[in-house]
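Read the structure below first, then the notes.
The values are calculated or read from the model by the stated rules, or taken from the named source; none is laboratory data. Remember, predicted model here, so these are calculated numbers, not experimental data. Quick reminder, even Gly has a Cβ in these numbers, built from the backbone with ideal geometry, and neighbours come from all protein chains shown.
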Amino acid sequence: MIETRDLTKMYGELYALDRLTVKLESGDVYGFIGPNGAGKTTTMRILATLLTPTWGEATVCGYSIYNGAKDIRRVMGYMPDFFGVYDDMKVIEYLEFFAAAYRIQGPERRKKCDQVLELVDLGYKRDALVTSLSRGMTQRLGLARVLLHEPQVLLLDEPASGLDPRARIEMRGLIKELRNMGKTIMLSSHILPELADICNKIGIIERGKLLFDGDVQSAIQKVRQRTRIDVMVGDGRNAEAKAFLEKEKGIDGIEHKTEEDYLLVTLCEGLNDGSFIAEALVKNGFRVKMLKEEAVNLEDVFMGITKGITN
Ligand SMILES: Nc1ncnc2c1ncn2[C@@H]1O[C@H](COP(=O)(O)OP(=O)(O)OP(=O)(O)O)[C@@H](O)[C@H]1O
Ligand SMILES: [Mg+2]
């Protein structure tokens, strides 16, 4: 649905985008993650045919950005990171204005506008002035706007930026809904944790270069190959358990987190099943109160990849 090959954009000497090659299949939700200035917006603007690359290829639904701009705009919805809203316009008028621009005519227009308003949960703000909407609502209205012409492909540039935690969760829910409708979506963010559960693929980009491209699980593995297990035993015997486990095979290291009072056990390379720890502890008279594989800190993964730890 979206394919780029060696896509490059230079501003003078600066490589805003450096030979980007990515591929999104139908139904993919691709998280494009990178710090400020990484090249996310540049990529999206090129795909949306608003910016020409210095060189490289890109197609959307098979149409080339070079000679298929008209077709691309028909099948794609692009939500920019900043968009102006118009003063003195009601929510419904705002949408009707864009629907008209998409040549949606007659009674169909009103129907379509109401439909997208419902989808983004803004039906109750239908007759409010756009300037009276909160940041989160404005963002949802922006999304409604790009859904009017029922595009198959969506480019969402930081759809959750500036939103409070609740609005972020709602925006995620909305994107999941779009995913379930079968849309192919590319969305950008500064942070990986935000995207991990809605994306099936991620790309991590920094200074124009794609540092990682694949699924979330592989990103985690790339950065951290060892499995870590949190262990807690009863009767205040964590320190004792640590000394005991240090003699066990298969364990590479143990850290006693004294504040929360549990043990962080790192398994040897290649091992990912920590159940032998429970067995050994129980056999030796410890009461195992907790044993669980450590939840992956996605922020660490992101930092690891962008700091070039894997390169
Ligand atoms: N019109 C322009 N002229 C010169 N340099 C530009 C222009 N537009 C973007 N750049 C540069 O290109 C690089 C990539 O910018 P881009 O906006 O794509 O980053 P981004 O990943 O979207 O960042 P952010 O997270 O801040 O939105 C930056 O170094 C930026 O300064
Ligand atoms: Mg940007």
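Scanning region 171-189 for residues that are over 17 Å from Met79 (Cα atoms) and either in contact with a Ser or Thr (Cβ under 8 Å, 6 or more places away or on another chain) or crowded, with 18+ Cβ neighbours inside 10 Å (or both) yields a total of 1.
Of the set (1) over 12 Å from Leu141 (Cα atoms); (2) β-branched (Val, Ile, Thr); (3) assigned to a helix (DSSP H, G or I), all apply to Val116 but (1).
Within region 190-220, the set of residues being surrounded by fewer than 23 Cβ atoms within 10 Å (Cβ to Cβ), in contact (Cβ under 8 Å) with a residue 60 or more places away in the chain, part of a strand (DSSP E or B) and within 13 Å of the chain's Cα centre (by Cα) comprises Lys201, Asp213. Annotation note: Cβ proximity below 7 Å between a residue of region 172-188 that is assigned by TED's automatic domain parsing to the domain that holds Asp81 and closer than 18 Å to Thr43 by Cβ and a residue that is of a type in the set (D, E, K, R) and not in a loop (DSSP other than H, G, I, E, B) (sequence gap 6+ or interchain) occurs for Ile185/Arg179; Ser188/Lys40.
Looking across region 115-129, the residues that are more than 28 Å from the chain's Cα centre (by Cα) and not basic (Lys, Arg) come down to Tyr124, Asp127, Ala128, Leu129.
Does Lys242 satisfy the criteria of being closer than 30 Å to Thr43 by Cα and in contact with a Leu (Cβ under 8 Å, 6 or more places away or on another chain)? Criteria not met by Lys242. Note on region 257-279: residues that are touching a helix residue (DSSP H, G or I) at 6+ places or on another chain (Cβ under 7 Å) and either among the acidic types (Asp, Glu) or in a helix (DSSP H, G or I) (or both) amount to 2. Criterion first (at negative phi, modelled with pLDDT under 90 and in the same structural domain as Val216 (by TED's automatic domain parsing)) does Asp81 satisfy it? Yes; evaluated as a whole, the condition is true for this residue. Looking at region 269-296, which of the residues that are touching a residue at least 24 places away in the same chain (Cβ under 8 Å) and of a type in the set (S, T, N, Q) is farthest from Ile254 (Cα to Cα)? Out of the qualifying residues, it is Asn284.
Within region 104-121, residues that are of a type in the set (A, V, I, L, M, F, W, C) sit with their Cβ atoms under 8 Å from residues that are not in a helix (DSSP H, G or I), at 6+ positions apart or across chains, in these pairs: Ile104/Leu148; Ile104/His149; Cys113/Leu148; Val116/Leu148; Leu117/Arg126.
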